[in-house]
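Here is the structure we will look at.
The values are calculated or read from the model by the stated rules, or taken from the named source; none is laboratory data. None of these values were measured; they are calculated from a predicted model. Every residue, glycine as well, gets a Cβ built from its backbone with ideal geometry; the counts of neighbours run over all protein chains shown. Ligands, DNA and RNA are excluded from the accessible area calculation, which covers all protein heavy atoms including side chains. Shrake-Rupley method; radii C 1.70, N 1.55, O 1.52, S 1.80 Å.
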Amino acid sequence: VVGNLPPVTVMFVVCLIGATVEGILPVQALLLPLLVAWLILFTFALSLLLGGLGARFRDTVSIMPLILQAGIFVSPVGYPLTGAPENIHTLLILNPVSGLIESWRWAILDLPNPEWNAVVIALVWTVVLSVAAWRLFSRLEVDFADYV
């Protein structure tokens, strides 16, 4: 994550400057630093969790591309939560990535208020995942050399 931060930061700043010059940047874009911090924390937690499991259980590394591909379809990446069918709406709200995506859409695109239930659930997921991943990684790292 840290290795890719410089080019992402440069492009992010250029996009923000361009949007500000054009006058299309909404007021809620001021929350972008908090959203970036939230995204980094969530990514760090997933990396810790999957890194620890991947070192201990080799099959985790092989199955990750399948899980990531399925994750694109069970997350509202290409459509907003409000456009999702009613029968899967609750499942999408429980997805930890849904609230994160919806909050970014709201902050950048000036869409109507996001589904706050999804945002709160995503924040709770991030905190729980961070604590659990930290504990798991700390517990497994002692034996990494034995399994690698």
key: Choice from Pro65, Pro80, Pro26 with maximal GNM fluctuation in the chain (Cα, 10 Å cutoff)   = Pro65
inquiry  = With a 10 Å cut-off between alpha carbons and a GNM built on the chain, which of Ala132, Ala55, Ala19 moves the most?
reply    = Ala19
inquiry  = Charges on Cβ only, +1 for Lys and Arg, -1 for Asp and Glu, centred on the Cα centroid of region 46-121; of Gly99, Ile67, Leu109, which one is farthest towards the dipole's positive end?
reply    = Ile67
inquiry  = Leaving out ligands, DNA and RNA, and with a 1.4 Å probe, what % of the accessible surface on the chain is carbon or sulfur?
reply    = 73
key: Linear extension gain, Val142 paired with Val120, 0.36 nm per residue minus alpha-carbon span   = 4.5 nm
message = Under 10 Å, Cα contacts only: if you run a Gaussian network model on the chain, which one of Gly51, Gly71, Gly18 comes out with the highest mean-square fluctuation?
response = Gly18
query = Assigning unit charges at the beta carbon (Lys, Arg +1; Asp, Glu -1) and nothing else, what dipole magnitude in debye, to the nearest 20, does the chain show about its Cα centre?
reply = 240
task = Please check which bits of region 86-114 a label hung off Val27 would reach, taking the label as a point 7 Å along Cα-to-C-beta and the cut-off as backbone N under 15 Å.
result = 107-108, 110-113
Which of Leu30, Leu48, Leu123, positive extreme of dipole for the chain (C-beta unit charges) = Leu48
task = Find the accessible area per residue for region 18-121; the probe is 1.4 Å, ligands and nucleic acids are left out, and the unit is Å².
result = 61
ask   = To the nearest 10 degrees, how steep is helix 96-109 against the longest Cα principal axis of the chain, on a 0 to 90 scale?
value = 30
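Before rounding to the nearest 500, sum -39500 (n - 2.57) across all DSSP H runs of length at least 4 in the chain and divide by the residue total; then give [θ] at 222 nm in deg cm²/dmol. Let's see the in-between values first.
Working: 7 runs with 110 residues, N = 148.
It lands at -24500 deg cm²/dmol.
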